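*Asks:* Following this message is one structure expressed as structure tokens.
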Amino acid sequence: MEQLKQEIKGKRSRRSESHPGEARNASGANQGDPAEEPRSPTPQSSNACAMLDRTHDGVLPASHGSLEISSACPARPRVLSECTLSETVLVMFFLEQVFSSLFPFYRPSVFQGGKAWILELVIKSPVIKQAVLCQSSYLFLLMQKTERHDSTWETVTTQMHHAFQMLRQALQVLAGAKIADHLHGAVRVLASIIQLQRFEVAVPHPENGRTHLNAAAALFTQILGSPGIPDPSNARSSFRLVMERLTPSAPVTPVATLVQSPSAEQTAFCFSSSILLVDDIVSSTMSQEEPTLFAYHNSLLKDDDSAGSSISLAQVVGSQNWAFLYIGEIATLDAWKQRCRVAGSLDAIELVARATSIMNALKLRLTKLENDTGNNRSEGTLSQGVSANGRKQSVTSYKQSHTITRIWGHAALVYLHAVVSGLQPASGDVRHHVGCVVELLTLQLEEDPSLLRAFLWPFIVTGCLAELMYEARLRRMVELQQESDLFGKAQKALSIMENVWCSRELGSAAYPDLAACFRSHGEMYFGI
């Protein structure tokens, strides 16, 4: 009720500026307290303000008068009332189709709020709303096979341009402010960047995808530094402090007691951080550079999904943390190798020694995982849903995560061999790990071939080092997925592999390493 009163009071104050007589006639006096009347917005007080300066419950404190939301930046009630039927349809299309398609293994428990945080952020944040409408409009038209020259495509382009413009404005506001004072807004901006980056690598617009990834990494670093703990090796403590500051502070109500879930910003920060770390790691394997956030890996990912872990990638991308942790280490090893080669100081013995250390650790984790049949975890799940009769049921099983992790783990070992020795498909170890990935992918795609889009990196890494006997099976995986492959990424992945196969048959040395294979089709992203 207090929140509602504040919002009504704010509306009256705004009306009193444009219709002073009307406000006096309605109540007998001017309702706006001079101390609480909205001032003229600053040059940066654009749509970004709604995201940066609302508190987590959507109310703008009176003390923030200098950054009051202008008419171009509607308060929360207007965001809802101005949502047209078409926008409502597109938002629901995003929640039910687009998001699930982009992140098929992200199935949060309904008892922890499920995916409601996305809807809440769409309501709170104009930038996130615009990012969602962008993606939904594009895919909605794509699924209807709308011609690209149609005027409707111009609308999508305009929406996308507007989303980027709003994002730039939001980043400008953050650049001139202290992140700790705008923590909720900063998290919303991070979520917006991740969503737009995901959209661009899917469309794709490769030149912008990397730019957004860099911007997200920079903002993530700022957010983690906001509690005053600049040391990346202690990022876990910083992450927990950020999460505590994002805790909802809404008054206790009967409904709030019934549904005890984290705030939208808390969930958005966990989700966005997970996707950012994975994107950064996978991107580094293609650029042969150390992951931008490599310094944070040991602190945030080391304890792999245990109670002490800050981030659980298994809950977002299906694979346990350690698989990506080691891929990041291999990418860092490759970056070191390239630097030494350019400087003329590459020591082959040291390269092998470093690689052997990573290989032994990786094989140990894989062996442990494969020996764990899951009998003691048969009831364990990464998240739970509700069946028709109201009982809890598994929606992401431990067994599925087991398979997904093995796919990424075996692909990591193939990648490691390629970094040390180049493309050597006849190697006994390479042949073994390639065979494992092909068999596991076949198992994973039996029920839903469209899931191939979530495994494009291991698919390409494996395919580029696959021998002739596996080529037909890899082609078949793409054929089965084609109808659901709206962006054609699987077909492009297959094209990369076939270029390598053709080059190998001709005895060409056109592809000395996996990075060269990825670059054969320009700068593209083939992660989750």
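What follows draws every value from the coordinates through simple rules; no lab data is involved. Bear in mind the structure is a predicted one, so any value in this text is a computation, not a measurement. Glycine also receives a Cβ, built like all others from the backbone with ideal geometry; neighbour counts cover every protein chain displayed.
*Asks:* Which ordering of M166, M92, M497 is given by a fewest-first count of other beta-carbon atoms within 10 Å?
*Replies:* On the way: M166 25, M92 12, M497 22.
In increasing order of surrounding Cβ atoms, one gets M92, M497, M166.
*Asks:* Enumerate the calculated ³J(HN,Hα) couplings along segment 511-519 in order (Karplus 6.51 cos²θ - 1.76 cosθ + 1.60, θ = phi - 60°), each rounded to whole Hz, writing x wherever the residue is Gly or Pro.
*Replies:* With the stated coefficients, segment 511-519 comes to 10, x, 8, 5, 4, 5, 5, 4, 6 Hz.
*Asks:* Mind giving me the FRET efficiency for E471 and S421? R0 is 22 Å, r the Cβ-Cβ distance, nearest 0.05 is fine. It would help to have the intermediate numbers written out before the result.
*Replies:* Numbers: r = 21 Å, r/R0 = 0.97.
With R0 = 22 Å, the Cβ-Cβ based efficiency is 0.55.
*Asks:* Using only the Cα atoms of segment 390-475, construct the convex hull and provide its projected area averaged over every direction, in square nanometres to one decimal. Don't skip to the answer; put the middle values down first.
*Replies:* Working: hull surface 24.7 nm².
Hull-based average projected area comes out at 6.2 nm².
*Asks:* Net charge within 10 Å of E265 by Cβ-Cβ distance, Lys/Arg positive one each and Asp/Glu negative one each, not counting E265 itself? Walk me through the numbers before you get to the answer.
*Replies:* Working: positive: K124, R188, R245; negative: E120.
Cβ neighbours under 10 Å give a net charge of +2.
*Asks:* If neighbour count is taken as other Cβ atoms inside 10 Å, put F271, F324 in order from fewest to most. It would help to have the intermediate numbers written out before the result.
*Replies:* On the way: F271 22, F324 26.
Fewest-to-most Cβ neighbours within 10 Å comes out as F271, F324.
*Asks:* Let me ask something additional. How large are Rg and Dmax for segment 98-190 when calculated on the C-alpha trace, in angstrom?
*Replies:* When restricted to the Cα atoms of segment 98-190, Rg and Dmax are 15.8, 46 Å.
*Asks:* Determine the alpha carbon to alpha carbon distance for each of K115/K489; K399/K489; K124/K399; K115/K399; K368/K492 and list only those over 29 Å. All intermediate terms of the calculation are to be shown ahead of the outcome.
*Replies:* Numbers: K115/K489 26 Å; K399/K489 27 Å; K124/K399 37 Å; K115/K399 23 Å; K368/K492 35 Å.
Too far apart for the 29 Å limit: K124/K399; K368/K492.
*Asks:* Rank these for me by crowding, S357, S263, going from fewest to most other beta carbons within 10 Å.
*Replies:* So the residues, fewest neighbours to most, are S357, S263.
*Asks:* A further question follows. Sort out for me the Cα centre separation of segment 313-377 from segment 437-494, rounded to whole Å.
*Replies:* Cα centroid of segment 313-377 versus Cα centroid of segment 437-494: 23 Å apart.
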